[in-house]
Amino acid sequence: MVQYFIDGGAFMWPILVSLVFGLGFALERAYSLVVSSIDSQNFFKDISDTIDDNGVEAAVELCNDTRGPVAEIFHAGLSRTHRGLAEVEKAIQNAGSLEMAFLEKNMIWLNTVITVAPMIGFTGTVVGMIDAFDAIKAANDISPAVVAGGISKALLTTAFGLITAMIIQIFQNFFVSRIDRLIFDMEENSMKLVDQLYELDSRKKGKK
């Protein structure tokens with residue numbers, strides 16, 4: 001593999017840099033998504049029970065002690081219950097937008113690597129083919145031995161560029177799938193929380 005890298009010529013270095021660049025952001029996204037992951041169903045149950053047993057303030061404290069986007073959204077909504085349910089819904093929507101932006105942060109750089117790495121490889125291919133034709137012109141001979149070096153260089157840069165793009169594409173697809181799941185959990189549990197707060201408000205008004 002090292003020899004293939006050397007044989008590929010100068011264009012192999014920017015491809016390697018793009019691979020390292022992409023893997024760096026992939027690791028950052030993986031860590032962020034792991035940190036953001038909680039059992040949202042159990043968390044909603046805990047919040048619901050806390051609201052019923054100890055009130056909204058205790059639920060806010062539970063959100064403070066829990067990591068992840070669902071907890072952040074719940075905290076934004078519950079901390080504004082004194083302003084009315086309309087403000088709660090608005091706060092949840094705003095917090096949801098911020099958390100979605102956080103989950104999708106740096107995904108653009110993975111897309112950049114997926115796009116740029118093959119382009120660098122194709123550029124190396126063009127340069128390799130130019131070298132091959134220059135060799136033919138200089139030798140005034142079209143024998144395989146004359147053009148083999150340039151063609152090999154061209155094929156190697158294309159291959160490594162495509163391999164880099166495929167590796168980063170796998171990470172990106174996994175992250176997109178995981179982000180979609182987290183967003184679905186946020187929306188589902190946010191609706192359940194708002195419904196519970198409306199029920200709680202109705203019970204309070206009924207007692208009056």
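The values are calculated or read from the model by the stated rules, or taken from the named source; none is laboratory data. A quick note: this is a predicted structure, and the numbers were derived from the prediction, not measured. Cβ placement follows ideal geometry from the backbone for every residue including glycine, while neighbour counts extend to all protein chains displayed.
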When you look at Gly8, is it within 25 Å of Ile168 (Cα to Cα), of a type outside the set (Asp, Glu), in contact with a Leu (Cβ under 8 Å, 6 or more places away or on another chain) and modelled with pLDDT of 90 or more, yes or no? no
What pairs come up if the first residue lies in segment 84-97 and is touching a residue at least 12 places away in the same chain (Cβ under 8 Å), the second is assigned to a helix (DSSP H, G or I) and hydroxyl-bearing (Ser, Thr, Tyr), and their beta carbons are under 6 Å apart, counting only those six or more places apart or on different chains? Val88/Thr81; Ile92/Ser190
Of all residues in segment 56-70 being surrounded by fewer than 20 Cβ atoms within 10 Å (Cβ to Cβ) and within 26 Å of the chain's Cα centre (by Cα), the one that is nearest to Asp201 (Cα to Cα): Asn64
Only listed residue being out of contact with any Ser or Thr (no Cβ under 9 Å at 6 or more places or on another chain), charged (D, E, K, R) and either at positive phi or modelled with pLDDT of 90 or more (or both), chosen from Lys90, Lys137: Lys90
Criterion (in a helix (DSSP H, G or I), surrounded by fewer than 13 Cβ atoms within 10 Å (Cβ to Cβ) and either of a type outside the set (Val, Ile, Thr) or over 28 Å from the mean Cα position of the chain (by Cα) (or both)) met by exactly one of Leu27, Leu23, Leu16: Leu27
So His75 clears everything in (1) of a type outside the set (S, T, N, Q); (2) surrounded by 13 or more Cβ atoms within 10 Å (Cβ to Cβ); (3) under 24 Å from Val20 (Cα atoms); (4) under 26 Å from the mean Cα position of the chain (by Cα) except one condition, right? Which one? (3)
Across segment 153-191, which residue is modelled with the highest pLDDT among those that are basic (Lys, Arg) and surrounded by 15 or more Cβ atoms within 10 Å (Cβ to Cβ)? Arg178
Unique match (being more than 30 Å from Gly161 (Cα to Cα), out of contact with any Asp or Glu (no Cβ under 7 Å at 6 or more places or on another chain) and touching a residue at least 40 places away in the same chain (Cβ under 8 Å)) among Gly9, Gly77, Gly55, Gly22: Gly77
